[in-house]
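Taking it in order: structure first as structure tokens, then the write-up.
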Amino acid sequence: MNGKAMDSFVTTNRSEHTRDSEGRSLANRGSVAMPNPKHRTKGTGAGLLTKDTNILITGVTGLIGGELVRRLLGHEVGKVFCLIRPNPMGDARARLIERLRFSADDRTDRQGRSLEPVTGDVASPRFGLSDQDESQVAESVDMIIHCASELSFIHDERCRETNITGMHNLIDLARRCERRPLIVHLSTATSCGAVSHQCLGEDDGYDLDNGHHNEYTRSKAMAERVLRDSGEPCLILRPSITLSAGISARKFARAIVWFVPLLREFAALPVDPDSRVDIVPVAFVAESIMRLLQKPQLKHDCYNVSAGPDAASMCGPVSAFLDTFYKRVEPLILTPPSEWTKEKHRQYLGAAQQRKLFSTFRYYLPFLNMDVVYDNARLRAELGDDFPEITPVTEYLGDLLKLVARENP
Ligand SMILES: NC(=O)c1ccc[n+]([C@@H]2O[C@H](COP(=O)([O-])OP(=O)(O)OC[C@H]3O[C@@H](n4cnc5c(N)ncnc54)[C@H](OP(=O)(O)O)[C@@H]3O)[C@@H](O)[C@H]2O)c1
């Protein structure tokens with residue numbers, strides 16, 4: 001527990017917008033088994049993923065998709081088609097190998113199984129697959145794991161194209177598939193929108209009417225709705241903030257912690273030291289997903305993959321860690337936004353450079369001050385003793401910051 005009053009951990013029921021016209025919760029319409037009876041494994045002791053499950057996975061050059069694909073290779077599954085965007089830096093196979101190398105694991109084959117890269121773009125109709133790749137996918141795929149996404153907080157149009165149009169394209173493709181694949185969709189816990197001071201359960205998730213701090217989270221909420229409305233069999237997974245602990249790629253570290261070194265430019269900032277932030281390492285996310293997929297059947301069709309109230313971080317202690325890490329003479333002063341007066345603004349953001357930097361933080365400050373955590377009780381109950389360890393952020397944040405600094409002194 002982190003000092004908050006107990007009642008702030010109670011999951012609230014804000015599910016007005018997450019119910020369909022008959023009042024059913026859209027966040028959990030029931031259990032998940034393989035939709036095609038031929039591939040159902042209920043009662044056999046095998047998981048949703050079996051040695052015969054053929055998979056299409058998107059977003060494999062990314063942080064979470066890359067970790068999932070290398071774990072899939074270590075399991076007995078059928079074919080694994082990896083959708084990869086065309087890129088002048090290399091063909092699909094070269095890009096896949098480059099991504100796996102960041103995890104010190106660059107093999108695209110293991111124990112007789114191999115990954116099959118296919119070129120495509122989720123924002124294009126039929127994912128831009130060649131006729132040959134599309135017919136292979138349509139004939140054989142039992143599961144589509146969808147990790148491809150635009151995560152930018154500033155490129156609104158790209159978020160809509162990749163995340164919403166991409167979801168429509170995914171559904172069209174799934175409907176062309178002969179085996180009615182299960183769609184495993186990587187959404188985000190932040191699809192809840194601009195809420196504050198809560199512990200949110202899955203039924204409180206995606207909310208389009210709630211207001212959003214940016215188009216990324218709104219487009220992810222919209223993508224969930226499009227998927228739900230399609231009626232296609234799905235499993236929705238909502239990671240909280242996922243950091244690239246243990247991965248050697250600077251780009252993944254920078255994607256989220258880029259602003260942390262810049263905090264040294266300030267003596268004080270409008271951040272509530274008691275605000276909780278739900279942060280998890282990528283190994284926790286990838287392992288949780290793999291372990292869910294190995295279950296014969298899941299009780300729910302939506303899970304938060306999050307630190308939850310017990311393992312969430314708090315701004316104050318993380319800031320104290322950074323004071324030590326950067327050997328600050330004076331600790332950074334964190335002031336709750338409600339106490340950040342005009343006088344303080346003038347006092348602490350006097351220099352033009354500070355004001356400029358501060359304006360780039362505006363995308364992040366709402367998330368630091370939301371004081372929202374995402375309940376992981378469902379995931380804990382489903383995985384039991386197999387619930388993976390959640391390493392505290394202060395145990396790996398230093399390594400990520402060194403990685404960011406080392407290659408760009
Ligand atoms: N990281 C987090 O903190 C976090 C938290 C909650 C939820 N999630 C969700 O988890 C999923 C994976 O996130 P991540 O952190 O792994 O993201 P990431 O590292 O930015 O990777 C995004 C992946 O999507 C691919 N992609 C983007 N646009 C595409 C397109 N038009 N066609 C095909 N592929 C495309 C990228 O390919 P290129 O290499 O070609 O760009 C990359 O492989 C996303 O759905 C995200 O919303 C992430």
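The values are calculated or read from the model by the stated rules, or taken from the named source; none is laboratory data. Computed from a predicted structure; not experimentally measured. Every residue, glycine as well, gets a Cβ built from its backbone with ideal geometry; the counts of neighbours run over all protein chains shown.
Scanning the stretch 78-128 for residues that are within 15 Å of the ligand (Cβ to nearest atom), at negative phi, surrounded by 15 or more Cβ atoms within 10 Å (Cβ to Cβ) and of a type in the set (D, E, K, R) yields R85, R93, R95, E98, R99, D121.
Identify the residue in the stretch 266-283 that is in a strand (DSSP E or B) and away from the ligand (no atom under 11 Å from the Cβ) and, among all such residues, is surrounded by the fewest Cβ atoms within 10 Å (Cβ to Cβ). Let's see the steps before the verdict.
Going through the stretch 266-283, the residues in a strand (DSSP E or B) turn out to be 268-269, 276-277, 279-281.
Subset that is away from the ligand (no atom under 11 Å from the Cβ): 268-269, 276-277.
Values: A268: 17, L269: 21, R276: 24, V277: 20.
It comes out as A268.
Looking across the stretch 323-356, the residues that are assigned to a helix (DSSP H, G or I) and under 21 Å from K402 (Cα atoms) come down to D323, T324, F325. Of all residue pairs spaced 6 or more apart or on separate chains, those with beta-carbon atoms under 7 Å, a first member in the stretch 380-409 that is more than 23 Å from T324 (Cα to Cα) and a second member that is among the polar types (S, T, N, Q) are L383/S288; P388/S288. Applying the set (1) within 14 Å of the ligand (Cβ to nearest atom); (2) in a loop (DSSP other than H, G, I, E, B); (3) more than 17 Å from Y374 (Cβ to Cβ); (4) not β-branched (V, I, T) to M222 leaves exactly one unmet item: (2). Taken residue by residue, the stretch 299-312 has no member that is modelled with pLDDT of 95 or more, part of a strand (DSSP E or B) and more than 16 Å from the ligand (Cβ to nearest atom).
Please go through the stretch 379-394 and give me each residue that is farther than 17 Å from V32 by Cα and hydrophobic (A, V, I, L, M, F, W, C), ordered by number.
To start, the set of residues in the stretch 379-394 that are farther than 17 Å from V32 by Cα comprises 384-394.
Within the stretch 379-394, F387, I390, V393 qualify.
Considering (1) modelled with pLDDT of 95 or more; (2) surrounded by 14 or more Cβ atoms within 10 Å (Cβ to Cβ); (3) among the basic types (K, R); (4) in a loop (DSSP other than H, G, I, E, B), the lone condition that K295 does not fulfil carries the number (1).
Can you find, within the stretch 334-375, the residue that is nearest to D278 (Cα to Cα) among those that are among the aliphatic types (A, V, I, L, M) and surrounded by 15 or more Cβ atoms within 10 Å (Cβ to Cβ)?
Within the stretch 334-375, the first condition is being among the aliphatic types (A, V, I, L, M), and the residues that meet it are 334, 349, 351-352, 357, 365, 368, 370, 372-373.
Restricting the remaining residues to those that are surrounded by 15 or more Cβ atoms within 10 Å (Cβ to Cβ) gives 334, 349, 357, 365, 368, 370, 372-373.
Details: L334: 18, L349: 28, L357: 24, L365: 14, L368: 10, M370: 10, V372: 7, V373: 5 Å.
For the stretch 334-375, the residue satisfying everything is V373.
Every condition in (1) modelled with pLDDT of 95 or more; (2) over 29 Å from the mean Cα position of the chain (by Cα) is met by G350 except one, and the failing one is (1). A single entry from L237, L208, L243, L263 fulfils the requirement of being surrounded by fewer than 20 Cβ atoms within 10 Å (Cβ to Cβ) and touching a Leu at 6+ places or on another chain (Cβ under 8 Å): L263. Taking the criterion of being within 8 Å of the ligand (Cβ to nearest atom), closer than 17 Å to I57 by Cβ and free of Cβ contacts under 8 Å to residues at least 60 places away in the same chain, the only residue of the stretch 129-162 that qualifies is T162.
Yes or no: the stretch 357-370 includes at least one residue that is at pLDDT 95 or above and assigned to a loop (DSSP other than H, G, I, E, B). No: zero hits.
Out of the residues in the stretch 181-193 that are of a type outside the set (S, T, Y) and touching a helix residue (DSSP H, G or I) at 6+ places or on another chain (Cβ under 8 Å), which is nearest to the ligand (Cβ to nearest atom)?
As a first pass, look at the stretch 181-193 and keep what is of a type outside the set (S, T, Y): 181-186, 189, 192-193.
So of that shortlist, the ones also touching a helix residue (DSSP H, G or I) at 6+ places or on another chain (Cβ under 8 Å) come out as 181, 183-186, 192-193.
Details: P181: 18, I183: 13, V184: 11, H185: 8, L186: 4, C192: 12, G193: 14 Å.
Filtering the stretch 181-193 for residues that are of a type outside the set (S, T, Y) and touching a helix residue (DSSP H, G or I) at 6+ places or on another chain (Cβ under 8 Å), the one nearest to the ligand (Cβ to nearest atom) comes out as L186.
Of all the listed residues (S248, S196), the sole one being more than 14 Å from the chain's Cα centre (by Cα), away from the ligand (no atom under 16 Å from the Cβ), surrounded by fewer than 20 Cβ atoms within 10 Å (Cβ to Cβ) and among the small types (G, A, S) is S196. So, G166, is that one within 9 Å of the ligand (Cβ to nearest atom), small (G, A, S) and touching a residue at least 12 places away in the same chain (Cβ under 8 Å) or not? Yes, satisfied.
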